[in-house]
Each structure stands twice: as C-alpha cells, then as structure tokens.
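*Asks:* Here it is, the structure, as structure tokens.
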Amino acid sequence: MGTLTSCTNEDTPLPQTNPNPNPINNGKVDFTLDLTIIANKALTGNGGFIYNGNIIIARSKSGTFVALSKVCTHEGTTVEYKPATDDFYCPNHGSRYDLNGKVTLSPASLPLKMYMTQYTDATKMLRVYES
C-alpha cells in the first residue's frame, strides 16, 4: 500500500469576489452597500470612492454620497473621483464632471447618469437606486 503525500506547501490564493450585491435588480439599479465591510471602507470617510458594477460611488468633501455612471460619455473610459477638486475626472482625455454628473470640461459633451442615494447612519447602510 502506498503513502499519501500532500500537494505543495504554497498557498493558492482564492479568487477575490465582490462582496457587494449586483447593481441591477429587475432591470433597474437598486442595491445596498454595507459600509462596515472592508470592500466599502473607502466610503466611511469624506473623499473616498468605490466602484460597483458600472457605477462609481463617492463620498464628497462635505460628506454627501454621490453615485454616477462610471463610464465617461466621451469614449467610455472609467472615471475617477478626485477629492482635492471634489469632482470626477476621466484620465483618458481629461473630461471633468461635477457632483451631479454635469460636464464641466470637455471633450465629453453628455453628463454622467446620476443615481439616488439614501444613507442610514444607524445601520451604516447606503442604498443606491434609480427611481
């Protein structure tokens, strides 16, 4: 009878999964983020942001939550939130958007789609949805 041997001593990293819910529910954006989990930690302080699906969620310098489409309307590049200027920036060609998704610097000409947010401080839950 043979002996059993183990595979290797190296740990194989598990694939990372997004702990946040699918942003689409019945054809509309409607999900809730738990700000107590590590994946959403950036939203616990002013100036942080995360992505969930095709949406960028940011906490502005004043502490309000903003949720917009993350896809630049010029050529589809992923936009970033810039806390120093409290706006959104496309690193591809330099388009800028305000906190409402309105274009403030071209070449983009169309606004980013804006989603509603509702934060419950007692539970640290942030709902992002469209009406």
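*Asks:* Assigned to a loop (DSSP other than H, G, I, E, B) and touching a residue at least 40 places away in the same chain (Cβ under 8 Å), is that true of Thr36?
*Replies:* yes
*Asks:* Shifting gears a bit: Right, Leu126: under 16 Å from Asn52 (Cα atoms), among the aliphatic types (A, V, I, L, M), touching a strand residue (DSSP E or B) at 6+ places or on another chain (Cβ under 9 Å) and outside any strand (DSSP E or B) or not?
*Replies:* Working: under 16 Å from Asn52 (Cα atoms): yes; among the aliphatic types (A, V, I, L, M): yes; touching a strand residue (DSSP E or B) at 6+ places or on another chain (Cβ under 9 Å): yes; outside any strand (DSSP E or B): no.
The answer is no for Leu126.
*Asks:* Here's something else I'd like to know. What residue, of Leu112, Leu99, Leu105, is open to solvent by less than 40 Å² (accessible area, probe 1.4 Å) and either farther than 24 Å from Leu33 by Cα or of a type in the set (A, V, I, L, M) (or both)?
*Replies:* The match here is Leu112.
*Asks:* From Val66, Val29, grab the single residue that is without any contact (Cβ under 8 Å) to a residue 60 or more places away in the chain and either surrounded by 14 or more Cβ atoms within 10 Å (Cβ to Cβ) or hydroxyl-bearing (Ser, Thr, Tyr) (or both).
*Replies:* On inspection, the qualifying residue turns out to be Val66.
*Asks:* Look through the range 57-95, keep the residues that are assigned to a strand (DSSP E or B) and among the β-branched types (Val, Ile, Thr), and return whichever of them is nearest to Leu33 (Cα to Cα).
*Replies:* Only one residue fits best here, namely Ile57.
*Asks:* Then there is this: Would you confirm, using the coordinates I've provided, whether Thr73 is hydroxyl-bearing (Ser, Thr, Tyr), touching a Leu at 6+ places or on another chain (Cβ under 9 Å), open to solvent by 40 Å² or more (accessible area, probe 1.4 Å) and under 16 Å from Arg127 (Cα atoms)?
*Replies:* When the stated conditions are applied, Thr73 does not pass them.
*Asks:* Return yes when Ala58 is buried (at least 20 other Cβ atoms within 10 Å of the Cβ) and either within 16 Å of Asp121 (Cβ to Cβ) or in contact with a Ser or Thr (Cβ under 8 Å, 6 or more places away or on another chain) (or both) and no when it is not.
*Replies:* Against the criterion (buried (at least 20 other Cβ atoms within 10 Å of the Cβ) and either within 16 Å of Asp121 (Cβ to Cβ) or in contact with a Ser or Thr (Cβ under 8 Å, 6 or more places away or on another chain) (or both)), Ala58 does not qualify.
The values are calculated or read from the model by the stated rules, or taken from the named source; none is laboratory data. Keep in mind the model is a prediction, meaning the values are calculated, not measured. Cβ coordinates were reconstructed from backbone atoms using ideal geometry, including for glycine residues, and neighbour counts include every protein chain displayed. SASA here: full protein model, heavy atoms, side chains in, ligands and nucleic acids out. Shrake-Rupley method; radii C 1.70, N 1.55, O 1.52, S 1.80 Å.
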